[in-house]
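S.K.: Below are the C-alpha cells for one structure; questions will follow.
Values in this text are rule-based calculations from the coordinates and carry no lab data. Keep in mind the model is a prediction, meaning the values are calculated, not measured. Don't worry about glycine lacking a Cβ; one is built from the backbone with ideal geometry, like all the others, and counts go over all protein chains shown.
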Amino acid sequence: MSMPFRVPVRQPTLAQRFMLASLIILIVGMAGIGIWVGDQIKNGVIHRTGATTALYVDSFVAPILQELGSTGTLSPQRHEQLDKLLQDTSMGQQIVTFRVWDPTGKVIFSTDEATAGKTFPIKDGLAQAILGQVSAEISQLEAAENAPQRAIRSELLETYSPVRLSGTNEVIAVAEFYQTVDALNQEIAASQRRSWLVVGAVTLVIYLLLAGFVRRASDTIEQQQATLNDQISRLTELLGQNQELHERVRRAAGSVATLNERLLRRIGSELHDGPSQDLGLVLLKLDALIGRSEQSQATSAFVEELTGIQSPLENAQKEIRAISSGLSLPQLAELSLPETVIRAVRAHERRTGSRVKLDVAPLPEQAALPVKITVYRVLQESLNNAYRHAGGANQQIRALMDGDLLALEISDEGPGFVSQPTATFNGHLGLAGMRERVESLGGTFSVKSEIGKGTQVTARLALRAEEGNDER
C-alpha cells in the first residue's frame, strides 16, 4: 500500500510573521482612530449647528420674547411675529417644529398646536438650556411631546437654546428647534469619508515604511545567519578534524608507550644476557684466581688487591641486574587494573624491603594496555623516588575513580623539595618522564611538595586509550 504524498508546508519567516502581525495591529488601530475621528466630526458638526441656531435665537427670537420677562406670557402680536419669522427667514424654513418653553416646562408657543399650552417633564436638553447652556443632538423623538414628529420622521436634529432677558444673564425662556438631518448627515458622511481616507493613507504610508525597514533588517539578519551557519559548518568541520587528530595522537601515544616498553624489555634482556653474564664470568674467574693465589702463597697485598677488584664488580653486577629487572615489566595484558596496581606496589616492597600503605578503592577490571603500563611506571617511579629521597618514610598509595578518571595519589613524609609551579621539573628526570607518560594519554599530572612536609604525586588518567602493538 503506497503512502500518500505530502507536500511540505513552508513555515513563514520571522519577517513575514512580524509584517502580518503589524498589519493586523495597524488595521485595528486605523479602525479605532477612524471611528473616534468620525464621532468627533459628527459631534463637531452637531455642535456647530447648535451654535448657529443659538446665534439665530439671540438675533431674531430673543427680541420677540422679551415680554416674558415681565408678563410671563406672549401676546397675540408676538405669536404673529414668531410665525412670520419662521416663514420669512431661511433658517425658519429648515425648521420642522419650533417651541418656546418657560422655565417650568410649559410650552408657551409651538408650531405644533397639539403641544401648545401643555407642561411636560423637564429632560436633559431642556434642563441644560434652562441653566443657560445650548444643547444639540440627533434625537430619536422618543419623548412624549415628540409624538407628532415621530409619526413623520425617525430622527431630527433637536436644539435647545436659552433666551435671556436683555442686558442680563437671566433665562426667561428656552427655544426648541427640530430640523431635518438629511443635509447634516450628508455633511457628516462627507467629512467622515475624508477622515477615513486620511487615516487610511497615513496607515498605508506607515505600513510601507515599516515593511521596507523590516525587509532590510530581515535581509541583513538572513545574510548574517547564512554567514554564521557557514562559520559554524567550518568550525564543526575543524572540530571534527581536531578530534580526529586528537585520536591519532592518543593512538600514537599508546603505540609509543607499548613500543617503549618493548624496547626497555629488550634493553633489560640484553643487559641481563650480555654485561651481567660477562661480569658473572669475570667474577667466577676472579674467585678462581684468588683461590690459586692463596694456595700458591702469594703476597697478601696481591690477594687484597684482587679482593678489592672483586667487590666493585659484584656491586656492578647487582646494579645491572636491578636495572634489568626494573626495565622489564610483568605481563600486564593478563592483569586487571587493580592487580596492576597491587603488582607494582608488591614488586617495590620485595625489591627494597620497605612497607607501603595501599588503599585501592573499587576499580574497573578492564583498562587499555597503555593505561596499565603508565599506571605501573608512575607507581614504580614514584615509589623509587620516595625510597631514594625520603627513605620510604610513611609511603602511601591511593587508587580510586574520580568520575570517569582513574586517580593515583602517591605520598610520603620525607624531607620534600621546593616544587615548581610551571611543572617543568628541571633537574627531576623521573618526574618529567612520569608527566610526559600521563599527558601523552590525555591525563593530568601534578606534584605538591614542601620542605619538611613530604611530597604528593597525583595522576589522573582516562581508562580508555588506543593501543598500538601488543606487549611482547
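S.K.: What nm value, rounded to one decimal, do you get for the distance between T13 and E450 when each label is placed 7 Å out toward the C-beta?
M.R.: In this crude label model, T13 to E450 measures out at 6.5 nm.
S.K.: Let me spell out the model: positive unit charges on the Cβ of Lys and Arg, negative unit charges on the Cβ of Asp and Glu, origin at the Cα centre of the range 332-472. What dipole size does that give, in debye rounded to 20?
M.R.: That gives the range 332-472 a dipole magnitude of about 480 debye.
S.K.: Please compute the length gained on full extension between Q243 and E80, using 0.36 nm multiplied by the number of residues separating them and subtracting their Cα-Cα distance. Intermediate values should be presented prior to the final figure.
M.R.: Numbers: separation 163, 0.36 × 163 = 58.68 nm, distance 11.23 nm.
Using 0.36 nm per residue and subtracting the Cα-Cα distance, I get 47.4 nm.
S.K.: Let me ask something additional. Estimate the FRET efficiency between A217 and E365 by the formula 1/(1 + (r/R0)^6), using the beta-carbon distance for r and 60 Å for R0, to the nearest 0.05.
M.R.: That gives a FRET efficiency of 0.50.
S.K.: Additional query: Just for the range 332-472, what percent of DSSP beta bridges are antiparallel, to the closest 5? Each step should come with its number before you reach the end.
M.R.: On the way: 22 of 27 bridges.
Percentage antiparallel, nearest 5: 80.
S.K.: Work through the residues other than R164 whose Cβ is under 11 Å from its Cβ and net out their charges, Lys, Arg +1 and Asp, Glu -1.
M.R.: In short, -2.
S.K.: If amide hydrogens are placed 1.01 Å from N in the peptide plane, which non-local residues have theirs closer than 5 Å to the one on T97?
M.R.: Long-range HN contacts for T97: Y178.
S.K.: Rounded to whole Hz and in sequence order, give me ³J(HN,Hα) for the range 438-446 from the Karplus expression 6.51 cos²θ - 1.76 cosθ + 1.60, θ = phi - 60°, writing x for Gly and Pro.
M.R.: Once rounded to whole Hz, the list reads 5, 5, 5, 9, x, x, 10, 9, 8.
S.K.: For the residue pair E170 and W36, what label-to-label distance in nm results when each label sits 7 Å from Cα along the Cα-to-beta-carbon direction?
M.R.: A separation of 4.6 nm, rounded to one decimal place.
S.K.: Which whole-Hz couplings ³J(HN,Hα) result when phi for each residue of the range 186-203 is put into the Karplus expression 6.51 cos²θ - 1.76 cosθ + 1.60, θ = phi - 60°, listed in order with x for Gly and Pro?
M.R.: Here the 3J(HN,Hα) series is 5, 5, 5, 4, 5, 5, 5, 4, 4, 5, 5, 5, 5, 4, x, 5, 5, 4 Hz.
S.K.: Right, here's the next one. Could you state the number of Å between the C-alpha centres of the range 198-228 and the range 379-412?
M.R.: 69
S.K.: Then there is this: All other residues with a Cβ under 15 Å from the Cβ of G416 taken together, and with Lys, Arg as +1 and Asp, Glu as -1, what is their net charge?
M.R.: 0
S.K.: Can you give the local net charge around W196? Use residues other than it whose beta-carbon is closer than 14 angstrom to its beta-carbon, Lys and Arg +1, Asp and Glu -1.
M.R.: On the way: positive: K42, R193, R194; negative: D39.
Every neighbour counted, the sum reads +2.
S.K.: Set the Förster radius R0 to 45 Å, insert the Cβ-Cβ distance between D404 and I27 as r into 1/(1 + (r/R0)^6), and round the FRET efficiency to 0.05.
M.R.: Given R0 = 45 Å and the Cβ-Cβ separation, E is 0.15.
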